[in-house]
Amino acid sequence: MQRRTALTVLTALAATAAAPARALAGAAAAADNMAGAPGSAKAGANAGAKAGVPERFECIVPSKPGGAMDLTCKLARQGLLAMPQDGQPGQSGRQGMRITYVPGGIGAVAWHQLVSQRRAEPDTLVVFSGGSLLNLAQGKFGKATATDVRWVAALGADYGMIAVRADAPYKTLADLLAVLKKHPEQVLIGVSGTIGSQDWLKMALVARAAGIDPKALRFVALEGGGEAFTAMHANYVQVVSGDASEASLNATPDKTRVLAVLSNERLPGMLARVPTAKEQGIDVVWPVIRGVWMGPHVADSDYQAWVHRFDRMLASREFAQLRAAAGLYPFALTGDALTAHVRKAVDDYGKRAREFGLVR
């Protein structure tokens, strides 16, 4: 692939990735006003009858523990169990959700396990992110399509970030880019996924904006943000291209220095003092949607019950506080609205990727 073509596809895919950012303001307003408003026109009596959280349910994390996928499952558990049940206070201390880790194939192992072997389980949720949709569009899940599963709820949005060890010589993003420009072979960059993954694209776009050929960079493919930070703390890699929520989980001042967040403005919370890449002269913004899906043969009544539960949860003040504490930002879609959003996002990714040979 010629360099110009590679850079063009990076720009095109970044434009697709930025679509959730344009929807954040509307999603935030929706989250504040959706109490009692189901995400699907089909939500009705059956959903209401099953509105209580089941005694036991499972959330599958398609990566190793410690990353943003793991955080999404735990946020769903906290939010659901904090909701009042049958007029009683929330059960935030109850361990009703079992979290299972199914890493492998950048999410492909978990996808195929549910789609081929566990297609109709009524109380099993699987986490996804914008990176999952990008992988799906590029054919990294084989012949799978967005129509193969049932999309339940988007819980929030995240943003990309770039981090190094606290004792690294790079004090700013400019320091890191200066070294990457002169001696790219000296720096290993840890990413979740392989070439073409969202973590790879984020770093590639940052490098390109600084006049660096992304093909000169050295990437190490890892399974999830937790593993990437572990590798960096062990000095197996020197840089992590990941997400802000992962940095909030894994970044402590004595171990990690976050050089930049890939958002339009500085983020609140733990990373409030971290400058944006734009502030540092690198005009790259990368938002990431996070949510859950279910198997394709789950009964309509069970699916709508879960949509209804998440509608209630997403509209609550308790969840807004939990979401903020997890380092995520408002982005609330469920049921049919989420399904339409996902299918369009995957289609947009696919069209652009096919134009430049990134689809398998």
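Structure notes:
- Taken over region 123-156, the residue count meeting the criterion of being in a loop (DSSP other than H, G, I, E, B) and at pLDDT 95 or above is 1.
For every residue, the table says whether it meets (1) under 19 Å from Ala260 (Cβ atoms); (2) open to solvent by less than 40 Å² (accessible area, probe 1.4 Å); (3) out of contact with any strand residue (DSSP E or B) (no Cβ under 6 Å at 6 or more places or on another chain).
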position: Leu173; (1), (2), (3): yes, yes, no
position: Leu180; (1), (2), (3): yes, yes, yes
position: Gly190; (1), (2), (3): yes, yes, no
position: Thr194; (1), (2), (3): no, no, no
position: Ala209; (1), (2), (3): yes, no, yes
position: Arg218; (1), (2), (3): no, no, no
position: Ala221; (1), (2), (3): no, no, yes
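- Residue count, region 137-164 (criterion: buried (at least 24 other Cβ atoms within 10 Å of the Cβ) and closer than 23 Å to Val284 by Cα): 9
- Of residues in region 94-118 being among the hydrophobic types (A, V, I, L, M, F, W, C) and farther than 17 Å from Ala76 by Cβ, the one surrounded by the fewest Cβ atoms within 10 Å (Cβ to Cβ): Val109
- Within the span defined as region 320-328, every residue fails to be over 18 Å from the mean Cα position of the chain (by Cα) and basic (Lys, Arg).
- Any hit, region 220-230, residues being assigned to a loop (DSSP other than H, G, I, E, B), in contact with a Phe, Trp or Tyr (Cβ under 8 Å, 6 or more places away or on another chain) and either touching a residue at least 60 places away in the same chain (Cβ under 8 Å) or under 21 Å from Lys171 (Cα atoms) (or both): no
The values are calculated or read from the model by the stated rules, or taken from the named source; none is laboratory data. The structure presented is a predicted model; accordingly, all values stated were derived computationally and were not measured. Please note: Cβ atoms are built from the backbone with ideal geometry, for glycine as well, and neighbour counts cover all protein chains shown. Accessible surface is based on the protein model in full, side chains and every heavy atom, while ligands, DNA and RNA are left aside. Shrake-Rupley method; radii C 1.70, N 1.55, O 1.52, S 1.80 Å.
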